[in-house]
Amino acid sequence: MKIYFAGPLFTPYVRQFISEHAQILRENNIEPFVPHESFKPVIAPEIIKSLVEQGALKQEELVGQSASDLAIELLRKGRLTREQLGLPPRSAEFIFEKDYEGLVGANAVVALLDGTQVDDGTACEIGIFYGLLREDPSKKGIAGFMTDSRGLRKADQGYGINLFVLGVIEECGRIFGGFQEVLGQLKTWETELEAGL
């Protein structure tokens, strides 16, 4: 079974949280598409060498981590540019195409809904997947995942999220407060897929 793991990707904490939960899925033979993991470019060794020679990277910074990971982290922090790393400009078109491929190939979506409102990209991914689901029986549903106590305290009031987004999720899935529950739902959908349902 393939899933698309949607969520806000703009802090290292949330990216790590999503990656850790994607690993749990992998350990349970579920293949996740994780947007921020799919954009991890490999930086050519000659570029890393050139950056060290120019003083843009320090040799001691390379100890204990891959040069590509360090370069990408420095790119996020604004210390390096995509041009310095030999990477093409990141465009809205490129990101849309890559993420849309992930949605088209997925049987389900796990959507991290934490925060004072659902991340706009996550809401868009939920909507796109719902549109695909209506025409494709291999698309099973959307498992909303919330750990934010502000929303969980309001479970009886729609979790405090936009009612349109909530309606889409509830039309083909539900919101869960624990990841084991999410995993259980995914396993149920996986069984349905294997049975041709």
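Taking only Cα atoms, what is the 0 to 90° angle, nearest 10, from helix 92-104's long axis to the longest principal axis of the chain?
It works out to around 40 degrees.
Going by how many other beta carbons lie within 10 Å of each one, how would you line up R15, R153, R174, fewest first?
R153, R174, R15
Quote the FRET efficiency, to the nearest 0.05, computed for F179 versus Q65 with a Förster distance R0 of 25 Å and r equal to the Cβ-Cβ distance.
Working: r = 27 Å, r/R0 = 1.09.
Efficiency, rounded to the nearest 0.05: 0.35.
Pop the C-beta distance of S91 and A44 into the FRET formula with R0 = 25 Å and round what comes out to the nearest 0.05. Walk me through the numbers on the way to the answer.
Working: r = 21 Å, r/R0 = 0.85.
E between S91 and A44, to the nearest 0.05, is 0.75.
If contacts are Cα pairs under 8 angstrom and at least 6 residues apart, what is the relative contact order of the stretch 40-89 in percent?
Answer for the stretch 40-89 is 40 percent.
Mean-square fluctuation check for the chain, GNM, Cα pairs under 10 Å: which of Q180, Q65, Q117 is largest?
Result for the chain, Cα springs under 10 Å: Q65 fluctuates most.
Let me check against my output: what whole-number percent is the relative contact order of the chain, with C-alpha pairs under 8 Å and at least 6 apart? Walk me through the numbers before you get to the answer.
Working: 234 pairs, mean separation 42.8, N = 197.
Result for the chain is 22 percent.
Can you give the FRET efficiency for S138 and K98, using 1/(1 + (r/R0)^6), R0 = 22 Å, r = Cβ-Cβ distance, to the nearest 0.05?
Numbers: r = 21 Å, r/R0 = 0.93.
With R0 = 22 Å, the Cβ-Cβ based efficiency is 0.60.
If you place +1 on the Cβ of every Lys and Arg and -1 on the Cβ of every Asp and Glu, how big does the dipole about the Cα centre of the stretch 40-89 come out, in debye to the nearest 20? Don't jump to the answer; show the numbers that get you there.
Details: 7 positive and 7 negative charges, 40 e Å.
Result for the stretch 40-89 is approximately 200 debye, rounded to the nearest 20.
Label points 7 Å out from Cα along the Cβ direction at K2 and E170: separation in nm?
A separation of 3.1 nm, rounded to one decimal place.
How far is helix 120-133 tilted, in degrees, relative to the longest principal axis of the Cα atoms in the chain, given as a value from 0 to 90 rounded to the nearest 10?
That helix lies at roughly 50 degrees to the long axis.
Between R150 and E194, what is the label-point separation in nm under the 7 Å Cα-to-beta-carbon projection?
Taking the two extended label points, one gets 4.0 nm.
For the stretch 36-120, which trypsin sites (Lys or Arg not before Pro) are in a loop by DSSP, counting at most 16 other Cβ atoms within 10 Å? The partial results should precede the final answer.
On the way: sites: K49, K58, R76, K77, R79, R82, R90, K98; in loops: K58, K77, R79, R82, R90.
Sparse-neighbourhood loop trypsin sites (Lys or Arg not before Pro): K58, K77, R79, R82, R90.
Could you work out how far helix 179-194 tilts from the main Cα principal axis of the chain, as a 0 to 90 degree angle to the nearest 10?
70
Once Lys and Arg get +1 and Asp and Glu get -1 on their Cβ, which of L112, T147, V168 lies farthest toward the positive end of the dipole of the stretch 45-197?
Farthest along the dipole direction, towards plus: T147.
With +1 on each Lys and Arg Cβ and -1 on each Asp and Glu Cβ, how big is the dipole of the chain about its Cα centre, in debye rounded to the nearest 20? Don't jump to the answer; show the numbers that get you there.
Values: 20 positive and 29 negative charges, 76 e Å.
Dipole magnitude for the chain comes out near 360 debye.
I'd like the Karplus ³J(HN,Hα) series for the stretch 13-23: coefficients 6.51, -1.76, 1.60, θ = phi - 60°, whole numbers in Hz, and an x wherever there's a Gly or Pro.
In residue order, the calculated couplings are 5, 5, 4, 5, 4, 5, 4, 5, 6, 5, 5 Hz.
Grab the DSSP H runs of the chain that are 4 residues or longer, score each as -39,500 (n - 2.57), total them, divide by all residues and round the 222 nm result to the nearest 500 deg cm²/dmol. Each step should come with its number before you reach the end.
Working: 9 runs with 97 residues, N = 197.
Theoretical 222 nm ellipticity from helices: -15000 deg cm²/dmol.
Laboratory data are not the source of any read-out in this text; all were calculated from the coordinates shown. Quick caveat, the model's predicted, so the values are computed rather than measured. Quick reminder, even Gly has a Cβ in these numbers, built from the backbone with ideal geometry, and neighbours come from all protein chains shown.
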